[in-house]
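To start, the structure under review is shown below, and the notes come after it.
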Amino acid sequence: MSAIIDTFIAPLCHESIGILHQDEHLLIIDKPSGLLSLSGKNPLNLDSVHHRLVQQFPGCALVHRLDFGTSGLLVVARNKEINAALCQQFSQRAVRKVYSALLCGHLEKDEGMIDAPIAKDPALFPLMSICAATGKPARSRYRVIERFQQDGTLLPLTRVELTPETGRTHQLRIHCQHLGHPILGCDLYGGRLLPGSEQASRLMLHASQLDFVHPVSGEKINARSESPF
């Protein structure tokens, strides 16, 4: 079986990483859109959140990741012990993550649950697929914040709050496509083009809330980052 080759080359990201919280155990950062979470195998994809942070915080590790186009909150462990403790919280689904997104079209319902198993298919790389037979369970909640039309284009959009209950690759993007309302700016699952074939400036998905327990102090951490769109 031939190896999967990722031909994606990330354009330069000139935006800086915002550090919202820093202590001797962990960091909470605000990732810009257009920056890889981890460096790729291709040397042209060296720049990433981890590559930048390890210069300043040697030994740090990303506990979770955000897609290249997604912006927002990430927690970063500063040593192996903290990384293990935080990873355990994620694996036990004790961490609450909430995202802000702009979806194409106007959703009919004000809230709901998307329950659709997600499968990885090497033949479709980098795309994931919805597959009841081979997919892993995946659930995402959505809540409508507002319905509006974009200025200038009159494109119908819905601003939503998305809460994933599982953490599958591309989960929110493929679930929104499955719902019939892809995330605006999504190059993989629809929503990329505006009327007149104008491309959206970015993926309109932002990690806006992150709730977890500090593994050392036991304090409840409720990190917040306002959506830039």
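The values are calculated or read from the model by the stated rules, or taken from the named source; none is laboratory data. These numbers were taken from a predicted model, which means no experiment stands behind them. FYI the Cβ positions are ideal-geometry reconstructions off the backbone, even for glycines, and counts take in every protein chain you see.
Summary table below
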read-out: Any hit, region 178-189, residues being surrounded by fewer than 17 Cβ atoms within 10 Å (Cβ to Cβ), at pLDDT below 95 and within 20 Å of the chain's Cα centre (by Cα); value: yes
read-out: Residue count, region 66-123 (criterion: acidic (D, E) and crowded, with 17+ Cβ neighbours inside 10 Å); value: 1
read-out: Single residue of G112, G69 found to be among the small types (G, A, S), closer than 18 Å to H170 by Cα and either within 21 Å of the chain's Cα centre (by Cα) or in a strand (DSSP E or B) (or both); value: G69
read-out: Any hit, region 163-171, residues being assigned to a strand (DSSP E or B), more than 30 Å from I28 (Cα to Cα) and not polar (S, T, N, Q); value: no
read-out: Hits in region 96-109 (condition: under 30 Å from V63 (Cα atoms) and either outside any strand (DSSP E or B) or not basic (K, R) (or both)); value: V98, Y99, S100, A101, L102, L103
read-out: Selection from region 107-131 of residues that are farther than 12 Å from H178 by Cα and not hydrophobic (A, V, I, L, M, F, W, C); value: E108, K109, D110, E111, G112, K120, D121, P122, P126
read-out: A119 being at pLDDT 95 or above and either in a loop (DSSP other than H, G, I, E, B) or over 18 Å from the mean Cα position of the chain (by Cα) (or both); value: no
read-out: Pairs with Cβ under 9 Å, 6+ apart, first in region 14-40 and basic (K, R), second part of a strand (DSSP E or B) and surrounded by 15 or more Cβ atoms within 10 Å (Cβ to Cβ); value: K31/S71; K31/G72; K31/L73; K31/L74; K31/A207
read-out: Boolean, S140 is touching a residue at least 40 places away in the same chain (Cβ under 8 Å), among the hydroxyl-bearing types (S, T, Y) and more than 11 Å from T158 (Cβ to Cβ); value: no
read-out: Residues of region 149-162 that turn out to be surrounded by fewer than 14 Cβ atoms within 10 Å (Cβ to Cβ) and either in a strand (DSSP E or B) or under 15 Å from the mean Cα position of the chain (by Cα) (or both), as a count; value: 1
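Rundown of residues vs (1) farther than 19 Å from F8 by Cβ; (2) touching a Ser or Thr at 6+ places or on another chain (Cβ under 7 Å), yes/no style:
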residue: A123; (1), (2): no, no
residue: R141; (1), (2): yes, yes
residue: Q150; (1), (2): yes, no
residue: R173; (1), (2): no, no
residue: L188; (1), (2): no, no
residue: A200; (1), (2): no, no
residue: P215; (1), (2): yes, no
